[in-house]
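Remarks on the structure that follows.
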Amino acid sequence: MAKPLILIVEDEPSIADSLNYALSTEGFEARHCLDGASARTALREREPVLVLLDVGLPDVNGFVLCQEIRKFSEVPIVFLTARSEEVDRVVGLEIGADDYIAKPFSPREVTARVRAILRRGRMHSAPMTAGATDIEIDEAGCRATFCGNELELTRYEFRLLAVLVAKPGRVYSRSDLMSAAWEDPGSSMDRTVDAHVKLLRAKLREIDPDRNPIKTHRGLGYSWESRA
Ligand code: CA
């Protein structure tokens with residue numbers, strides 16, 4: 001499985017470097033963007049588990065970028081703020097941030113905060129996972145059972161299915177699925193995901209021809225839809 005990705009959007013390289021180092025030693029993968037434009041690109045390539053967002057960026061105000069991100073993503077956002085007026089605005093405005101950390105901060109403080117927020121997020125999403133009752137995933141044994149019938153899956157089919165089923169209803173882009181299920185995503189293409197989804201669907205259809213629980217979202221990706 002890929003390491004959880006944290007996106008750092010910060011125009012001061014020294015701050016970004018220290019965060020990058022602290023997060024990497026804590027088992028995260030950190031990606032650094034210097035401005036809003038490259039952050040937008042990074043967000044569409046692969047959704048991070050959390051965004052650390054500087055308020056004062058060279059091309060866009062962090063508050064504006066946060067509101068933009070909220071239009072398409074629920075990813076936790078933590079502001080890195082330099083001045084107390086900024087803190088007041090983060091707290092006072094409904095801009096959809098999850099938390100803020102005032103500069104100067106220690107990288108250790110940031111990783112502790114990141115962990116706390118991710119723990120909180122997992123607790124919220126737990127009931128959703130429990131909704132997928134028609135499918136059972138045995139991660140340790142790499143086995144999956146659909147409507148009581150065991151599926152015969154290849155390694156990649158199994159991994160794709162496990163990622164989708166873990167969060168029913170959540171739409172995963174092809175690159176999300178690629179980085180979650182393949183060891184070396186760089187060598188694969190979007191259509192690799194499509195081909196495996198096609199094979200998976202055929203196997204699910206053999207068990208229940210009336211259902212197609214893997215839903216295609218045009219231009220976005222795939223999600224698992226559990227029976228209501
Ligand atoms: Ca800045």
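With the structure loaded, tell me whether Gly169 is at positive phi and either in a loop (DSSP other than H, G, I, E, B) or at pLDDT 90 or above (or both) or whether it fails that test. Answer is yes for this residue. The residues of segment 96-144 that are open to solvent by less than 30 Å² (accessible area, probe 1.4 Å), modelled with pLDDT under 80 and part of a helix (DSSP H, G or I) amount to a single one, Ser125.
Among the residues of segment 17-45, which ones are in a helix (DSSP H, G or I) and within 16 Å of the ligand (Cβ to nearest atom)? Correct list: Asp17, Ser18, Leu19, Asn20, Gly36, Ala37, Ser38, Ala39.
Scanning segment 46-73 for residues that are away from the ligand (no atom under 16 Å from the Cβ) and within 25 Å of Gly27 (Cβ to Cβ) turns up Arg46, Glu47, Pro48, Val49, Leu50, Ile69, Ser73. Reported count of residues in segment 1-16, each being part of a helix (DSSP H, G or I) and surrounded by fewer than 15 Cβ atoms within 10 Å (Cβ to Cβ), is 2.
The values are calculated or read from the model by the stated rules, or taken from the named source; none is laboratory data. Only a predicted model underlies this, so the values are computations on that prediction, with no experimental measurement involved. A quick note on method: Cβ atoms are made from the backbone with ideal geometry, for glycine too, and the neighbour counts reach across all protein chains shown. Accessible surface areas use protein heavy atoms only, side chains included; no ligands, DNA or RNA. Shrake-Rupley method; radii C 1.70, N 1.55, O 1.52, S 1.80 Å.
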